[in-house]
Amino acid sequence: MAEDEKAKTEGQAGLSAEEIAKEFKEHSVAEFFKKNMQMLGLTGKIKTLTTIVHEYVTNSLDACEETKILPDIEVQIKELGEEYYEITVKDNGPGLTQETVGKALGKLLAGTKFHRMMQLRGQQGIGASGCTMLSQITTGKATSVITGTGKGKPFSAEVTIDPKKNEPKLANVTMLDKEFRGTMIRAKFKGVKYVNSEQAPLEYLRRTAVANPHAQITLIEPSGEKIVFKRTLKDIPARPTEMKPHPKGATIDDLITLAKYSDSRKVGSFLKNAFDRFGDKAVEEVGKGISFDINKDPRQLTWDEAEEIIKQFKKITFIAPRTDGLIPISEDRIEKSLKSIVNPEFLSVITRKPSVYKGGFPFQIEVGIAYGGNAGRMGETNEEGQLQRRIEIMRFANRAPLLFDTGGCAITKAVQSIDWKRYGMKDYENAPLTIFVNLISVHIPYTGAGKQAISDEDEIMEELRLALMETGRKIYTYIGHQRRQAEKEAKRKMFYKYATEVAAAVADLTGKNKKTVEDKLHALVLKHLKMEEQKEKEMEAKGEAPEEEIDEEYEKRKAKEKKDADKKGNKKKTLVERAEGGDG
Ligand SMILES: Nc1ncnc2c1ncn2[C@@H]1O[C@H](COP(=O)(O)OP(=O)(O)OP(=O)(O)O)[C@@H](O)[C@H]1O
Ligand SMILES: [Mg+2]
């Protein structure tokens, strides 16, 4: 080492590997999230409060959906002090047992959803427990719960988390002498704030009601005001079904992990049980290309053997993943919901066919566009002093509203990527528009653990764009029609005005009766306008809107879609034939 360099480091000698090794520690997932609450969306005073409500309410809705109960949810927010609130969420769901209550509310990455491929609002196992932790670290208090399953007495308990171990601690478990089926969670939080903004609990619940017309949701605000979003539909949505992973998306690691916990005794039967669309034919084909016995114990599979199997998967043509486990809200329900909440002039709703994104996950897009009426949200005041409406994009994932990380979400990106001018909207951002988009999937590809934005997977973007364009075209026809009507009216007024003036001049020049000339001219104008209208009707009957431009991009995408579907149809036929022969 050079003399001057030595001098520089003197007095602050570097650590040895052994000394650094003393610092080596393991951490639990709870400790990790305790230090990174922002990753759970628990950051910012307003956002945190809404996220807490979101976590509890999505859990209540999920629980009711699985058990086929019409949800009745009450959210109460009380102000206890400055930036200090108590949140209570009560549902009429299936309740929790004494065995599960601790894990449900006091252990991160624990729950009934993460390991199941199902269309539910929760999918990670950190929502409710994340809230318990936030309450604990901001107030030092436990989360209270009262729950009953309808069997035996309900009970109350206090839950905390031991972050070092990521283990729940239950205290004061008390059996209650009353009837109660459901779950009521009450927790206190500091550093949060209740306001009435677009990102506040009220708006969150309003949107939840739009996408869940079968749910009755009540909010009691800190002021004591009670707002009820009444259920508009009494039929309970179908129970979500669990789906198996599709072999095309499986990795070596997935295979090993599934095999390790398999109950099957042979690799062949394990494959059939673990994967979607896996029949005897596929097992036979895998068997042909591997160097070991397909009858071996799946728990003994090595990495190299699993790799051989995955290589065989690539050679087999499987039927596309099942999509029948997806439960859309449906066009008529979205229509009814948007009509009652936005009361628009015009409404167009589309539920696309299911599709599959990377990894073999089925998904489906639903889009509703409401125009005019109370559609959009209040924006700036215009020159005439009237409040102008602006575009409102309502994003949903598995029926749960997404209010944050707007810019990073595939839905926003898809809306922004559409050339709305084509659909008669010169300035779509300042149009009275509500765009409703619901993405459903057995696994929503969120961009983060906070579950606020959807990642822009190619297949998802394509479907979103097609759905938006399809609804956009309907809006265009409507706006075009409205505009033509307005133009026609203006034309009629102008012709009549001139006809009156011309009649006076003609009467003067010819010495004829002014009224007679005027009547004749008016009849002429009327005839001319009627002829124009007739022409327009004929064009419309032929399916040509008078001023419709050809939407090249849409036409191209639709043509491609049709071509792909035809191709798939042909392929499917051969696969179905194969399936009938035993595969699938
Ligand atoms: N109100 C409730 N009624 C019945 N079960 C509930 C209720 N709230 C939570 N649970 C159970 O507790 C588990 C953990 O909830 P938590 O919100 O932490 O995770 P999750 O909903 O599975 O996933 P996510 O982290 O994405 O929300 C759930 O999987 C569910 O089984
Ligand atoms: Mg949850």
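Of all residues being of a type in the set (Asp, Glu) and at pLDDT below 95 in region 19-59, which is farthest from the chain's Cα centre (by Cα)? Just the residue, please.
Once the filter is applied, the top-ranked residue is Glu19.
So in region 15-74, with the set limited to residues that are assigned to a helix (DSSP H, G or I) and aromatic (Phe, Trp, Tyr), which one is farthest from Thr100 (Cα to Cα)?
Keep residues of region 15-74 that are assigned to a helix (DSSP H, G or I), which gives 17-21, 29-35, 37-40, 45-67.
The next check asks that each one be aromatic (Phe, Trp, Tyr); those that pass are 32-33, 56.
On the way: Phe32: 23, Phe33: 21, Tyr56: 16 Å.
The extreme case among them is Phe32.
Is it the case that Lys141 is at pLDDT 95 or above and away from ligand 2 (no atom under 13 Å from the Cβ)? Full working, then the answer.
On the way: at pLDDT 95 or above: yes; away from ligand 2 (no atom under 13 Å from the Cβ): yes.
Yes, satisfied.
Give just the number: which of (1) in contact with a strand residue (DSSP E or B) (Cβ under 9 Å, 6 or more places away or on another chain); (2) in contact (Cβ under 8 Å) with a residue 12 or more places away in the chain; (3) within 30 Å of Ser340 (Cβ to Cβ); (4) surrounded by fewer than 13 Cβ atoms within 10 Å (Cβ to Cβ) does Arg207 not satisfy?
Of everything listed in (1) in contact with a strand residue (DSSP E or B) (Cβ under 9 Å, 6 or more places away or on another chain); (2) in contact (Cβ under 8 Å) with a residue 12 or more places away in the chain; (3) within 30 Å of Ser340 (Cβ to Cβ); (4) surrounded by fewer than 13 Cβ atoms within 10 Å (Cβ to Cβ), Arg207 misses just condition (4).
Of the numbered conditions (1) more than 14 Å from ligand 2 (Cβ to nearest atom); (2) within 30 Å of Asp324 (Cα to Cα); (3) out of contact with any helix residue (DSSP H, G or I) (no Cβ under 8 Å at 6 or more places or on another chain), Gln124 fails exactly one; give the number of that condition.
Status for Gln124: all satisfied but (1).
Can you find a residue in region 452-473 that is out of contact with any Leu (no Cβ under 9 Å at 6 or more places or on another chain), assigned to a loop (DSSP other than H, G, I, E, B), buried (at least 18 other Cβ atoms within 10 Å of the Cβ) and hydrophobic (A, V, I, L, M, F, W, C)?
no
Spot the failing condition for His115; the list is (1) surrounded by fewer than 22 Cβ atoms within 10 Å (Cβ to Cβ); (2) away from ligand 2 (no atom under 15 Å from the Cβ), and only one is missed.
(2)
Between Glu242, Glu198, Glu285, which is closer than 17 Å to Val53 by Cα and touching a residue at least 24 places away in the same chain (Cβ under 8 Å)?
The conditions single out Glu198.
Among the candidates Gly148, Gly182, single out the residue that is in contact with a Lys or Arg (Cβ under 6 Å, 6 or more places away or on another chain) and touching a residue at least 24 places away in the same chain (Cβ under 8 Å). Step through it out loud before you land on a result.
On the way: Gly182 fails: in contact with a Lys or Arg (Cβ under 6 Å, 6 or more places away or on another chain).
The unique qualifying residue is Gly148.
Would you tally the residues in region 93-144 being charged (D, E, K, R) and either on the phi > 0 side of the Ramachandran plot or near ligand 1 (Cβ under 6 Å from one of its atoms) (or both)?
Taking region 93-144 as the starting set, the residues that turn out to be charged (D, E, K, R) are 99, 103, 107, 113, 116, 121, 141.
Now drop any that are not either on the phi > 0 side of the Ramachandran plot or near ligand 1 (Cβ under 6 Å from one of its atoms) (or both), which leaves 113.
Total meeting the criteria: 1.
Quick check on region 173-182. Is at least one of its residues crowded, with 16+ Cβ neighbours inside 10 Å and under 25 Å from Thr50 (Cα atoms)?
Yes.
Would you tally the residues in region 437-450 being out of contact with any Asp or Glu (no Cβ under 9 Å at 6 or more places or on another chain) and either closer than 26 Å to Leu338 by Cβ or within 10 Å of ligand 1 (Cβ to nearest atom) (or both)?
If we filter region 437-450 for residues that are out of contact with any Asp or Glu (no Cβ under 9 Å at 6 or more places or on another chain), which is where we start, we get 441, 443-444, 446, 449.
Going one step further and asking which of them are either closer than 26 Å to Leu338 by Cβ or within 10 Å of ligand 1 (Cβ to nearest atom) (or both), we end up with 441, 444, 446, 449.
So the answer is 4.
Restricting to region 80-112, and then to whatever is among the hydrophobic types (A, V, I, L, M, F, W, C) and not in a loop (DSSP other than H, G, I, E, B), can you tell me which residue is farthest from ligand 2 (Cβ to nearest atom)?
Leu80
Residue by residue, here is whether (1) of a type in the set (A, V, I, L, M, F, W, C); (2) touching a residue at least 12 places away in the same chain (Cβ under 8 Å); (3) under 16 Å from Arg352 (Cβ atoms) holds:
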position: Trp420; (1), (2), (3): yes, yes, no
position: Glu429; (1), (2), (3): no, yes, no
position: Thr434; (1), (2), (3): no, yes, no
position: Met469; (1), (2), (3): yes, yes, yes
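Checking the structure you have, find out if any residue of region 169-179 is touching a helix residue (DSSP H, G or I) at 6+ places or on another chain (Cβ under 8 Å), in a strand (DSSP E or B) and charged (D, E, K, R). I'd like the intermediate steps shown before the answer.
Residues of region 169-179 that are touching a helix residue (DSSP H, G or I) at 6+ places or on another chain (Cβ under 8 Å), as a first pass: 169-170.
Now drop any that are not in a strand (DSSP E or B), which leaves 169-170.
Restricting the remaining residues to those that are charged (D, E, K, R) gives 169.
Scanning region 169-179 turns up at least one residue that is touching a helix residue (DSSP H, G or I) at 6+ places or on another chain (Cβ under 8 Å), in a strand (DSSP E or B) and charged (D, E, K, R).
Suppose we keep only residues that are over 26 Å from Ala565 (Cα atoms) and surrounded by fewer than 18 Cβ atoms within 10 Å (Cβ to Cβ) within region 313-357. Which one would you say is modelled with the lowest pLDDT?
Checked region 313-357; the qualifying residue modelled with the lowest pLDDT is Ser340.
With (1) without any contact (Cβ under 8 Å) to a residue 40 or more places away in the chain; (2) within 16 Å of ligand 2 (Cβ to nearest atom) as the list, and His443 as the residue in question, which single condition is left unmet?
Among (1) without any contact (Cβ under 8 Å) to a residue 40 or more places away in the chain; (2) within 16 Å of ligand 2 (Cβ to nearest atom), His443 violates only (1).
Among the residues of region 80-91, how many are buried (at least 20 other Cβ atoms within 10 Å of the Cβ) and more than 10 Å from ligand 1 (Cβ to nearest atom)?
Number satisfying all stated conditions: 2.
The values are calculated or read from the model by the stated rules, or taken from the named source; none is laboratory data. Just so it is clear, the model here is predicted, and its values are computed rather than measured. No Cβ is skipped: glycine too gets one built from the backbone with ideal geometry, and neighbour counts run over all protein chains shown.
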